[in-house]
Amino acid sequence: MKELLDDIVDRISEAADQVGKKADEVIETQRIKNKIRGLEKDNRRNFRDLGRMIYEKYQNGEEVEEEYLPFCEAVKEREEQIRSCEIELIRVKED
C-alpha cells in the first residue's frame, strides 16, 4: 500500500513539475513577444521620422544626405534583435 501511495505522490509531483515548466514557457513566450512588439513599435517610429525628414528635404529641393544613417542603423539593429528574439522564442517552445 505504501508503494502505491509513493507511486501516486511521484506521479503527482511529476505532473506538477510539467505544469510549472509549461507556465514558465508561457511567461517567457509572452515576455519575448512583448519585446518584439516594442522593437517593432520603435521601428515604425523611426520609419515615420525618416520618411518625414526625406519628404521635407524633397519638398525643399534638397538632396537626401548621410544624416539619415543613424535611423537606418537603428532600424537594422532592431531587426537583428527581432530575429534574435524569434530564434529565442523557437528555442523556448522546443524545450
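Quick notes on this one:
- In terms of overall dimensions, the C-alpha atoms belonging to region 36-81 reach 37, 16, 8 Å along their principal axes, ordered largest to smallest.
- Nearest-ten-degree value, helix 2-59 long axis tilted from longest Cα axis of the chain: 0 degrees
- Binned Cα-Cα distance frequencies in region 5-95 - 10 Å width, integer %: 15, 28, 19, 15, 11, 6, 4, 2, 0
- Positive-end residue, the chain charge dipole about Cα centroid, Cβ charges, pick of ALA15, TYR68, MET53: MET53
- Take 34-47, 65-78 and order them by the average number of nearby Cβ atoms within 10 Å per residue, most first; the result is 34-47, 65-78.
- Highest to lowest packing among 86-93, 20-27, scored as the average C-beta count within 10 Å: 86-93, 20-27
- Dipole size of the chain about its Cα centre, with +1 on Lys/Arg Cβ and -1 on Asp/Glu Cβ: approximately 480 debye, rounded to the nearest 20.
- Under 9 Å, Cβ to Cβ, from ILE82 - net charge with Lys/Arg +1 and Asp/Glu -1: -1
- Estimated inter-spin distance, LYS93 and ALA15, nm [label 7 Å along Cα→Cβ]: 2.8 nm
- Using C-alpha pairs under 8 Å with a sequence gap of at least 6, the mean separation divided by the residue count of the chain gives a relative contact order of 42 percent.
Each value in this text was obtained by applying a stated rule to the coordinates, not by laboratory testing. Note that the structure is predicted; figures quoted are calculated from it, not measured. No Cβ is skipped: glycine too gets one built from the backbone with ideal geometry, and neighbour counts run over all protein chains shown.
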